[in-house]
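Here is the structure we will look at, set down as structure tokens.
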Amino acid sequence: MHTILPKEPVICHNLINGEWVKGETGNPDVFSPYNGKKIGEVSIPSEHQIDAALKAAAEAQVLWAKAPIKERSQILFNFRNILIRDMDQIAHLKSAECGKTFSEAKAGLMKGIEVLEFALSIQNLDLGGKVEVSRGVTCEYRREPLGVVANITPFNFPAMVPMWTIPICLALGNAYVWKPSDKTPLTALKIANALTEAGLPKGVFTVLHGGGFTVDAIIDNPVVKAVGFVGSTKVAKIVYQRATNLGKRALALGGAKNHIVLLPDANTELSGMGISDSFTGCAGQRCMAASVLLAVGNVDQHIQKIVERASSLKLGSDMGALITKSQKDFLVDAITKAEKAGAKVILDGRKAVAPAGMEEGNWIGPTILDNVQPGSEAATVELFGPILSIVHCKDISEAMKIENSVEYGNACSVFTSSGPLADRVVRQASTGMVGVNIGVPVPREPFSFGGTNASKYGHGDITGHHSLDFWSNVKKITTKWETQSDNNWMS
Ligand code: NAD
């Protein structure tokens with residue numbers, strides 16, 4: 001199915017204490033990457049409106065936390081059913097605002113629903129613990145909400161990334177404040193309306209739009225107890241430092257430069273498909289996309305397969321558009337610079353033809369640069385587009401040295417038929433997530449998502465079991481009811 005762009009601009013206000021409120025700081029336009037046309041407006045709140053929103057969230061959280069987790073989970077069950085009912089509608093909107101194909105937009109939402117299903121399991125699996133530690137004395141773990149938590153999300157997954165945290169934070173009894181990307185505010189409207197329809201009490205979920213100004217005001221407000229961030233490394237560092245300087249807990253996921261180690265014994269079909277889909281999927285605008293192919297020894301046949309598959313993709317139906325015109329210009333410039341630095345352009349996306357009627361959109365085709373030098377811009381800088389840089393290596397040691405030298409640490413994959421060689425790459429990779437014969441090694445629930453190095457600031461992961469301690473407080477309770485005749489120092 002092709003993406004359907006909204007017929008009328010969608011006006012995105014702020015959700016404050018259960019009401020959609022027009023922001024007092026302006027209404028910038030939102031443009032579709034597909035054709036460059038206006039598809040919406042996003043209204044930016046004033047400091048006073050942000051304060052009022054957070055005050056209402058803090059009040060609403062007190063009652064929300066008093067509801068037993070089974071009651072909170074019932075509302076999340078309703079939320080799940082509404083998202084499934086409205087899935088196509090939401091996917092069209094997501095696709096229109098961030099440039100993904102319709103099927104990619106739908107897949108992102110389905111992954112978000114998987115996190116929601118994990119959050120629904122917390123009530124049955126996260127049972128705490130109580131042990132008699134001494135005669136007549138018990139120790140107990142009890143998980144408690146933090147209060148108001150805030151999350152700031154990027155443009156490239158307008159539903160999936162927010163859904164990493166919305167269901168888990170709400171199930172744990174927190175009030176949730178969401179600052180969506182200023183480039184993709186439309187999906188937020190749908191998600192917030194679905195939560196309201198599901199029966200979430202007003203004030204428990206807040207949407208505040210804008211950029212750095214809104215984020216600073218949210219972080220600085222004393223009611224906000226924890227900050228989650230997903231976006232570029234540059235902003236992740238700013239957000240992490242601002243929140244932790246105030247003594248708040250913060251988890252800030254940043255950018256990436258992911259490597260794939262391709263060995264000569266790899267299955268040609270499997271690697272051709274996996275590597276091509278990894279760097280072209282979502283037009284390369286995902287933090288788990290392959291960016292550098294470390295080609296070990298003679299892998300010419302495999303590279304041929306990657307080129308064949310990538311060059312068969314049609315823009316608009318198989319591959320989406322880039323978020324902005326300036327991002328397209330940045331990529332065209334990066335390809336030209338790599339060429340000047342000695343790389344060979346074996347597949348040139350600069351020449352790709354835009355879909356009919358979408359000529360004003362931000363299109364670029366899959367691009368493969370061969371003979372890229374380690375340390376060059378194409379090998380080290382996050383480009384965030386459908387560009388694969390091939391660096392030739394004589395052996396695995398050289399490949400892993402290059403992989404380990406890059407500042408980021410999201411994902412690394414290996415394509416091989418050898419278990420021991422795969423295990424060597426798994427052990428030596430510097431990343432938080434590793435794939436074996438998988439191009440995009442995103443862990444499925446209940447496994448947690450999170451990188452290392454400049455791809456993540458803070459401790460723990462943002463989803464899965466490892467996220468529960470971040471989004472809650474674990475209270476330790478030691479109890480005694482009676483004097484024991486055999487009291488000792490531990491009683
Ligand atoms: P971005 O850093 O430009 O923006 C992310 C969020 O920060 C947005 O909501 C934006 O409005 C806000 N923001 C922008 N400037 C700010 C400032 N000065 N202070 C506070 N907030 C500010 O990122 P983007 O362009 O929207 O998304 C692409 C980036 O996100 C890529 O680098 C990609 O790798 C990364 N990303 C990482 C992950 C991950 O899991 N590690 C997942 C998705 C995307």
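If you take every DSSP beta bridge fully contained in the chain, what fraction is antiparallel? Give it as a percent rounded to 5.
Among the beta bridges of the chain, antiparallel pairing accounts for roughly 40 percent.
Roughly how many whole Å is it from the C-alpha centroid of segment 41-108 to that of segment 317-376?
Taking the Cα centre of segment 317-376 as reference, the centre of segment 41-108 is 34 Å away.
Which cross-chain or sequence-distant (5 or more) residues have an amide H under 5 Å from the amide H of Tyr457, H modelled 1.01 Å from N in plane?
Amide H neighbours of Tyr457: Ala252, Leu253, Gly254.
Provide, for q = 0.18, 0.19, 0.21 Å⁻¹, the log10 of I(q)/I(0) from a solvent-free Debye sum over equal Cα point scatterers in segment 1-123.
Taken in order of the listed q values, log10 I(q)/I(0) reads -1.13, -1.15, -1.16.
Checking a compactness column here: for segment 258-436, what do you get for Rg(Cα) / (2.2 N^0.38 Å), N being the number of residues?
0.98
Just need the relative contact order of segment 12-124 here, percent rounded to a whole number, with Cα pairs under 8 Å and 6+ apart.
Reported as a whole number, the value is 22 percent.
Among the aspartates and glutamates, which have Cα under 18 Å from the Cα of Lys476 when same-chain residues fewer than 8 positions away are ignored?
List returned: Asp126, Glu132, Glu140, Glu144.
Tell me which aspartates and glutamates have Cα within less than 18 Å of Lys234's Cα, excluding those fewer than 8 residues away on the same chain?
By straight Cα distance, Lys234 reaches Asp182, Asp216, Glu377, Glu382, Glu407.
Taking the alpha-carbon distance from Lys22 and a cut-off under 23 Å, which lysines remain once sequence neighbours fewer than 8 residues away in the same chain are dropped?
Lys7, Lys37, Lys38, Lys55, Lys94, Lys179, Lys183, Lys190, Lys202
Taking a cut-off of 40 Å, what percent of all Cα-Cα pairs in the chain are separated by more than that?
Taking all Cα-Cα pairs of the chain, the fraction more than 40 Å apart is 25 percent.
Grab the other residues whose beta carbon is less than 15 angstrom from that of Pro180, score K and R as +1, D and E as -1, and report the net.
+1
Output needed for segment 164-289: three equivalent-ellipsoid semi-axes, defined as square roots of 5 times the C-alpha gyration tensor eigenvalues, in descending order, whole Å.
Taking √(5λ) for each eigenvalue gives 34, 20, 13 Å, largest first.
Can you tell me the relative contact order of the chain? Whole percent, Cα pairs under 8 Å, sequence separation 6 or more.
Worked out over the chain, it gives 18 percent.
Could you compute the longest span of the chain free of chymotrypsin sites (Phe, Trp or Tyr not before Pro) located in DSSP loops and having at most 12 other Cβ atoms within 10 Å, not counting the site residues?
It runs 1-480.
Per the Kirkwood formula on distinct C-alpha pairs, the Rh of segment 315-380 is how many angstrom?
12.6
Carbon and sulfur: what percent of the chain's accessible surface (1.4 Å probe)?
For the chain, the apolar C and S fraction of the accessible surface comes to 54 percent.
Apply the Karplus parameterisation 6.51 cos²θ - 1.76 cosθ + 1.60, with θ equal to phi minus 60°, to every residue of segment 460-469 and state each ³J(HN,Hα) to the nearest whole Hz, in sequence, with x for glycine and proline.
With coefficients 6.51, -1.76 and 1.60, one gets x, 10, 8, 10, x, 3, 5, 8, 4, 5 Hz.
First obtain the Kirkwood hydrodynamic radius of segment 43-100 from its Cα pairs, then insert it into the Stokes-Einstein equation at 25 °C and 0.890 mPa s, and state the resulting D in µm² per second as a whole number.
Calculated translational D: 169 µm²/s.
What are the ³J(HN,Hα) values, in whole Hz, obtained from phi via the Karplus relation 6.51 cos²θ - 1.76 cosθ + 1.60 with θ = phi - 60°, for each residue of segment 407-414 in sequence order, with x given for Gly and Pro?
5, 7, x, 7, 9, 9, 10, 10
With Kirkwood's inverse mean 1/r over C-alpha pairs for Rh, give me the Rg to Rh ratio of segment 101-191, two decimals please.
Reported Rg/Rh, Kirkwood definition of Rh: 1.16.
The values are calculated or read from the model by the stated rules, or taken from the named source; none is laboratory data. Nothing here was measured: the structure is a model prediction, and the numbers come from that model. Reconstructed Cβ throughout: ideal geometry from the backbone, glycine too, with neighbour counts over all protein chains shown. Accessible surface areas use protein heavy atoms only, side chains included; no ligands, DNA or RNA. Shrake-Rupley method; radii C 1.70, N 1.55, O 1.52, S 1.80 Å.
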